[in-house]
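Okay, so here's the structure we're looking at.
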Amino acid sequence: MVHLDRIYTRGGDDGQTSLGDGSRVRKTAPRIIAIGAVDELNALVGGVRSTLPDDPVTGLDEVLASIQNTLFDAGADLCLPETDGATQTTTTGPLRITAEQISRVESIIDTFNGQLEPLASFVLPGGSRAAATLHQARTVCRRAEIEVLRLAEQESVNDRVAVYLNRLSDLLFVLARTCNSHGRDDVLWVPGKDRG
C-alpha cells in the first residue's frame, strides 16, 4: 500500500519528476504527457460519478468505480518503464494492464449495449448531464490513447494500455447512451441541417 506523509516535495520545481523506478524525466516528456492524459481521464470519470442521478442505472456507479481503479493501474503501468526492475510492483512483479482487464471491458460493453435502442444516426455529445460528461470522457480517452501510442513510438510500453483505452472509449460511448434513457434521448446528428 502507498503511504504519503507529505503532499509537496519541491522535487518538481526544476521541471522534472520521478518515474516509478526513481529515474528523473522532464515533465514535458512523452511518458509524463501520457500519464497526465490518463490521470485527466480518471478525474473526469470521477466527475461523471458525481452527476449520476439519485436512482442511477443499475450497476453504473460500480462500473465507473472499477474504471477509475483500472485507470490508476494504467498510470502505474506507464510510470514504470518496461525495461526496469520495478519498485512499484504487485507480489508477482510490475503492475501491468492485463488481457483480462480488456476482456472485462468488452463484456461490460456487450451487457450495456444489449439494452440500447438501435442506432439510426451518429450521436452528438449531449442529452443528460451524465451522458454529456461521459461523451467528454470518451474524447479525453481517445486523446489519452493517442498519447500512449505516441509514447510507444519512442519507448517500450505495454501495448495493452492503448488497447484498454481503445475499448474504454467504446464503453464510455455506450454508457453515455445508457444515461440518455438507453438511447431514446440521444441527440442525433442531422447531416446538413443548418446549411443555407
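Just so you know, all these numbers are worked out from the coordinates, no wet-lab data involved. As the structure is a computational prediction, the values presented were derived from the model and not from experiment. Note that each Cβ is placed from the backbone with ideal geometry, even for glycine, and that neighbours are counted across all protein chains shown.
Using 0.36 nm times the number of residues separating Ser66 and Lys27, minus their current alpha carbon distance, what extension gain do you get?
11.2 nm
Percent relative contact order of the range 16-188, based on C-alpha pairs within less than 8 angstrom and at least six residues apart?
RCO, the range 16-188: 29 percent.
As a test of understanding, state the convex hull volume per residue of the range 16-188 from its alpha carbons, in Å³. Please report the intermediate quantities before stating the final value.
Working: hull volume 20.0 nm³, N = 173.
Once divided by residue count, the hull of the range 16-188 is 116 Å³.
Treating only the Cβ atoms of Lys and Arg (+1) and Asp and Glu (-1) as charged, compute the dipole magnitude of the range 16-188 about its Cα centre; round to the nearest 20 debye. It would help to have the intermediate numbers written out before the result.
On the way: 16 positive and 23 negative charges, 94 e Å.
Approximately 440 debye in magnitude.
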